[in-house]
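Note sheet for the following structure.
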Amino acid sequence: MHFSIPSTQEFSSEGGGSSFTGFNIHINGSFHCCLRYKQLHSLHEQLKRSLPSMVLPSFPPKKLLSLTPNQIEQRRLSLERYIQLVGQDPVLCRSELLRAFLLNAQQESSFTECSEVTLDVYLMNGYRIAATVYSTDCTAKVLAKATALIDLPPERLCYFALYLMRIEATGELTIVKRLMDFEAPYISQKQWEGCRLVLRTGYWDPCYDVELMRDRIALNLLYMQALSDVKRGWIVTTRDLAEQLTNLQARGNKSEYLEIVRKLPLYGCLQFPRACVDYPEPNTVATVALGNKELNLLSCVDEGKEVQETKFKVTRIRCWRVTPVLATDEQSTNGHQTHPSTIVGMELSFEYLMAKNQLKWITIYSEQSMLMSVCLQSIVDELLNQKNGSDPTHLPTPPHTEYAPPLSYIRRDGSNHGMTDSSSTDTLSNVANSDTTSNGTSTQSNNHSTITTTTTTNGSSFIRRKLKELNTTVRFRSGRDSVHNEAFEWIGDDDL
C-alpha cells in the first residue's frame, strides 16, 4: 500500500474551545480518511499487542503542550513516515487489524451510516448486476454478493476484482482504481463521481484462465471480457484474425474464441490513456499496457501509420518510484504564472536492466502513475507467489486472524467502539444505531467546501471543513523513495 499524508485539517468547537488537527491519509493515490494523532497511536498499540513477535516502526512521541504550526508539520512528516513503513511491511500491510481499522476510518471520515443500499456492478460488456449490500460492506463482501447473483461458484471468487472505471466522452474506458478490501465500494464510488463499479479478472498471468474455463459461469465472464477488450483495441488483432474471431462469436464458440485470443499480444493487460514517455526518445507519446509479467509501451511511428511495441519484463525492473512533477518558473497555467512548488502532474520512473550490468531509468508522465505502481506491485506479488510454489490454479488467500482481546476503534470525538469489518451485519447495525442516537450531524454545502457539524457524546460540537480536493488524486509534498522489486532477476551469462 502506498501511504501519504499530504495535508492536515483543523477541527474546532463552535464555542472556540477545544480544537485538534486531523491528518489526511491518502492510500494508493487518493484520499481515504482523516485521523487524529491518538487514533493512529491506538492503531500502533493494538498492532504491538496483536503481533508481539513483530518489530514495529517507532511511533512519533506525544507532546504535553499544544503544538505550534512548525511542530504540527513535523508531526505530519513523522506520521507519514510511520504509516509508510507500515504499508511497506509485507506482514503489517496484510494484517486483518490494519484492514479493519482503515475500513472503519473511511466510514467515519465519510460520515456514512450503515444502511442497506442497492449497488450497481457492471460486467465488461455493460451488463448490470443490482446487488443489495450494506453501505459499509468491504470490497470482498460486495464482490461475493454481486457474483452470487450470477451464480459464480464461491471457489472462483478469488480470481476476480472490482474496479472503478469511467467512460469518457469519446467512448473510451478509463480505469480509475482497483478497489481493495480496506475500503467500502459504496463509499469509494461516491467519492469518484461519474465512475461505475466494474467486475474484471484480478490476476495477471493467463495461466489462471485454464482453471476458470472449466466452469460455465467463469467461462462466460472471461469471454465477455475478451470480447470487450478486442472491441476496444486493448487486444491487438490482424484483419484476418478479427474476421475469424467474428465468425466464432457468431457461432457462440466461446472456448475456441478464448484459445485464440489468449495467444494474442496484450491479452489480459490493463490499458491506460496515452502518456508522455522518455523512451526510446524524449517526449514520445505512447499507450501504457500492464499485464502478463510485462509493461508495454505502444507508440505510433511513420506518421501514425504503424504502432511500435516496446516490452519491459517486470522481472528486469529493479525498482520504481512515483513522484510529483513540479512547475518551473517558466511554466504557467491559463496564462498565469504558477508557484514553483505547484504540482502539474505525476510520473512513474523505473530502473530497467537493459543488458548485463546496464541499468537505465525510464519515466512515464501520467496522472495514473500511482495506479500503474499499484498494478506493478500486484504483478510482483503474483510472481513471488508462483516462485514460492503456489499452485498456479489456486490463488493464495491471506489467512484470517482472530484477535484477543476484541479490537477497538477510537473515533475523533474520543469515543471507543468495537472495530467492525462488515462481516457482522448485527454489529454494524448496532454501531450505526448508536451513532444515530448519540451523534447529530448536519451538513451545509457551497461551491467551495462542505462544512459538517458533528455533535459528540459529551455534548461538544466540532466544525469540520472538508475540502473537495480531498476526493481527488493525492498531492505528494516530496519524496523519491523507490519500491524495490523482490522479483528482480539479474541477467546471467546464459541470457546473453
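The values are calculated or read from the model by the stated rules, or taken from the named source; none is laboratory data. Here the structure is a predicted model, which is why all the values come from computation and not from measurement. Methodologically, a virtual Cβ is constructed for each residue, glycine included, from the backbone with ideal geometry; neighbour enumeration extends over all protein chains shown. Accessible surface is based on the protein model in full, side chains and every heavy atom, while ligands, DNA and RNA are left aside. Shrake-Rupley method; radii C 1.70, N 1.55, O 1.52, S 1.80 Å.
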Checklist entry - How far apart, in nm, are two points set 7 Å out from the Cα along the Cα-to-Cβ line at LEU219 and at ASN416? => result 5.6 nm
Checklist outcome for this item: So for R0 = 25 Å, FRET eff. of VAL325-SER78 from the Cβ-Cβ r, to 0.05, ends up at 0.45
Checklist outcome for this item: With every protein chain in place, the accessible area of ASP181 for a 1.4 Å probe, in Å² rounded to the nearest 10, comes to 50 Å²
Item to check | Most to least accessible of LEU197, LEU157 (protein chains only, probe 1.4 Å) | outcome: LEU157, LEU197
Checklist entry - Within the set LYS313/LYS356; LYS263/LYS360; LYS38/LYS177; LYS311/LYS356, which residue pairs have Cα atoms separated by over 19 Å? => result LYS263/LYS360; LYS38/LYS177
Checklist outcome for this item: Everything considered on the Cα gyration tensor (a ≥ b ≥ c; rounded for a/c under 1.5, else prolate if a/b is larger than b/c, else oblate), segment 26-114 must be described as oblate
Item to check | Nearest-10 value in Å² for the accessible area of GLU113, using the 1.4 Å probe | outcome: 90 Å²
Checklist entry - For all pairs of alpha-carbon atoms in segment 89-189, what percent lies in each bin of width 10 Å, listed from the first bin to the last filled one? => result 14, 42, 34, 9, 0
Item to check | Segments 132-143, 37-48, 255-266 sorted - mean Cβ within 10 Å per residue, highest first | outcome: 132-143, 37-48, 255-266
Checklist outcome for this item: Between GLN244 and ASN357, the two model label points (7 Å from Cα along the beta-carbon direction) sit apart by a distance in nm of 4.6 nm
Checklist outcome for this item: Rounded to the nearest 10 Å², the 1.4 Å probe accessible area of VAL285 is 70 Å²
Checklist entry - Going by a ≥ b ≥ c, the root eigenvalues of the Cα gyration tensor, does segment 170-221 fall in the rounded group (a/c under 1.5), the prolate group (a/b larger than b/c) or the oblate group? => result prolate
Item to check | segment 257-298 - accessible surface per residue (Å², probe 1.4 Å) | outcome: 39 Å²
Checklist entry - What distance in nm separates the simple spin-label points at VAL91 and GLU309, each placed 7 Å from Cα in the Cβ direction? => result 4.3 nm
